[in-house]
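Asks: So that we are looking at the same thing, I have put the structure below in structure tokens.
Derivation of every value follows stated rules applied to the coordinates shown; laboratory data play no part. If you're wondering where the values come from, they're calculated on a predicted model, not measured in any experiment. No Cβ is skipped: glycine too gets one built from the backbone with ideal geometry, and neighbour counts run over all protein chains shown.
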Amino acid sequence: MQRPFLAIAALLGLGAVAAGAFGAHALEARLTAERLAVFETAARYQMYHALALLGVALATTALPASSRLLTAAGWAFVIGTVVFSGSLYLLALGGPRWLGAITPIGGLAFLTGWALLGVAALR
């Protein structure tokens, strides 16, 4: 599972940098300060979890006995990024307010990923 996670981590990292630049340069004059802060939070958490996914990919080599836990952690980070950051991007850009209700599901996926990574490291 190392290669897919490396590829996804690279794509998420690329997207986070692009989103950060887009927010800083193209959206700064178009969004309220509150919406821009939401957009920046989405980009920041996307980058954090791109790096976490990179760590998961590298850990699969170091901890082969924990590969199932690491795979689950990696997918939790991917799902968390899509749901958490995705919903925040959409909210910041004027998406429907009900998206705010699904953002915590992404946060829960992040927490699950970190817990699974911790268990994998302790095995």
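Asks: Please give the contour-minus-distance gain from Ala121 to Trp98: 0.36 nm per residue of separation, less the Cα-Cα distance, rounded to one decimal in nm.
Replies: Computed gain between Ala121 and Trp98 is 4.6 nm.
Asks: Compute the signed sum of charges (Lys and Arg +1, Asp and Glu -1) over the other residues within less than 15 Å, Cβ to Cβ, of Phe84.
Replies: For residues surrounding Phe84, the net value is 0.
Asks: Under a point spin-label approximation (7 Å from Cα along Cα-to-Cβ), what is the Ala24-Leu63 distance to one decimal in nm?
Replies: 3.3
Asks: May I ask for the percentage of alpha-carbon pairs in the chain that lie more than 22 Å from each other?
Replies: It works out to 37 percent of all Cα pairs.
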